[in-house]
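Below you'll find the structure, written out as structure tokens, and then a few comments.
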Amino acid sequence: MGSEAARDLAARRAVGKVIIADASRRRAEPLCEEIGSKAEFVRIDALNHDRVVETMKRADVALGCLGPFYRFEEKLVRAAMEARVGYVSICDDHDAAETVLAMDRDIKKAGIAVLCGMGWTPGLSNVLARKGMDSLDEARRIHIYWAGGADDAQGLAVVDHLLHIFNGNAPTYKDGRWKQIEAGSGEEHIEFPEPVGKLPVCHLGHPEPITIPHFYKNIEEVTLKGGVAPAWLNAVARGMSRFKLTNTSERRGRAASTIRWLTPALGRAGAGMSALRVDVHGIKNGAPAHLIYTAVDHMRRLTGIPAAIGTVMLGSGRIEAKGFLAPEVAVDPDAFLDELSKRKVKVTLPDGA
């Protein structure tokens, strides 16, 4: 995800330099060589607060792609606050987003913006939800669905995140209030754009049901369901949670390492791509309306490119607000989607939208 964002940032005329901060020189230097003269590698341990602050101070804006975010997001936000540098992230862990949201007052005191969850889901999902809300006279319910191909996901943090969001309860927003629903429950089959097709999804812990009702008080319901292809992987994650095999960070780490080691044996276990669907229900011209927005591409592009677009928007001053921000309030949907179309990310809007 971070590599894709770095490539996109380096290709922007507005960006003079991209500092690629990573613990591994071996992994980062090939990316720097690929990008060329705009890239600079800095070896960094994300747990070394002073070193992170020192590096952030060299930048106009910092982009965090370091997962799992329940371990790192708060640390990076605190570093950005000390460095007085705007921060963008692809944070997709609901508990990490809640923690940073509670820091809103301190973030404002630091005089910076923290654009949390500017990736695929959350990120593109929030922007499409905002687009739908703007298109209706009255928006009432938002249902977000995502499907990730096992053969489209790379990186240990992706597997760790999946095990994390299948564990415990998932936040959702129904009847005008937040509720906790068992993660992995409420399975239904949803039609996604080809080549992903129809897949089962279930309640999972993500930030959208937290942030959207926080900023839009009139919304009655915001739910999020997701799943992985092949579908049996969902059952594996659900079973590991129920047998308490992933109920601590240490256990998730061990399980994620094992699953990642086995992943190559799956071959082309999914469709090779990932997808998103956002359904917005409400009223238009006095009648019930149902708008459907979809997107399909490789996970790294669906996540990294929105992160890069949001980073340029914040760094160039197109996002002026301070404090905790989510994509649905900070990012202009039309400007964002225009930038996304230039990168050939396939997004389908309802007729007339």
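List of remarks:
- Residue within segment 60-69 that is within 15 Å of the chain's Cα centre (by Cα) and among the aliphatic types (A, V, I, L, M) present: yes
- Residue check for R51: among the basic types (K, R) and modelled with pLDDT of 95 or more: yes
- Sub-9 Å Cβ pairs linking a first residue in segment 310-330 that is hydroxyl-bearing (S, T, Y) to a second residue that is crowded, with 22+ Cβ neighbours inside 10 Å and assigned to a loop (DSSP other than H, G, I, E, B), at least 6 apart or interchain, are T311/M118, ordered by first then second residue.
- Yes/no for E208 being within 22 Å of V127 (Cα to Cα), crowded, with 23+ Cβ neighbours inside 10 Å, of a type outside the set (K, R) and modelled with pLDDT of 95 or more: yes
- The residues listed here are D351, D338; of these, the one that is surrounded by fewer than 17 Cβ atoms within 10 Å (Cβ to Cβ) and within 20 Å of the chain's Cα centre (by Cα) is D338.
- Among helices (runs of 4 or more DSSP H) entirely within segment 1-76, having at least 1 residues that are surrounded by fewer than 21 Cβ atoms within 10 Å (Cβ to Cβ) and among the aromatic types (F, W, Y) singles out no element at all.
Condition check ((1) closer than 24 Å to H161 by Cα; (2) in contact with a Lys or Arg (Cβ under 6 Å, 6 or more places away or on another chain); (3) not assigned by TED's automatic domain parsing to the domain that holds V312) across all residues:
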| position | (1), (2), (3) |
| --- | --- |
| R13 | no, no, no |
| V18 | no, yes, no |
| R27 | yes, no, no |
| E33 | no, no, no |
| D45 | yes, no, no |
| R51 | no, no, no |
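- For segment 233-342, the helices (runs of 4 or more DSSP H) that sit wholly inside it and include 3 or more residues that are touching a helix residue (DSSP H, G or I) at 6+ places or on another chain (Cβ under 8 Å) and at pLDDT below 95 are 249-262.
- Residue match in segment 208-220 (condition: under 30 Å from L101 (Cα atoms), out of contact with any Phe, Trp or Tyr (no Cβ under 6 Å at 6 or more places or on another chain), part of a strand (DSSP E or B) and not small (G, A, S)): no
- Checking each residue in segment 97-112 for being assigned to a helix (DSSP H, G or I) and either in contact (Cβ under 8 Å) with a residue 40 or more places away in the chain or in contact with a Cys (Cβ under 7 Å, 6 or more places away or on another chain) (or both) picks out A97, E98, V100, L101, D104, R105, I107, K108.
- Single residue of T121, T172 found to be without any contact (Cβ under 8 Å) to a residue 60 or more places away in the chain and not hydrophobic (A, V, I, L, M, F, W, C): T172
- Flag for P213 being touching a strand residue (DSSP E or B) at 6+ places or on another chain (Cβ under 9 Å), closer than 22 Å to G310 by Cα, free of Cβ contacts under 8 Å to residues at least 60 places away in the same chain and in the same structural domain as D279 (by TED's automatic domain parsing): yes
- Segment 77-92, residues that are part of a loop (DSSP other than H, G, I, E, B) and buried (at least 24 other Cβ atoms within 10 Å of the Cβ): I90, C91, D92
- Among (1) more than 27 Å from L66 (Cα to Cα); (2) touching a helix residue (DSSP H, G or I) at 6+ places or on another chain (Cβ under 8 Å) - the single one E194 does not satisfy: (2)
The values are calculated or read from the model by the stated rules, or taken from the named source; none is laboratory data. Given the structure is predicted, the values throughout are model-derived calculations rather than measurements. Quick reminder, even Gly has a Cβ in these numbers, built from the backbone with ideal geometry, and neighbours come from all protein chains shown.
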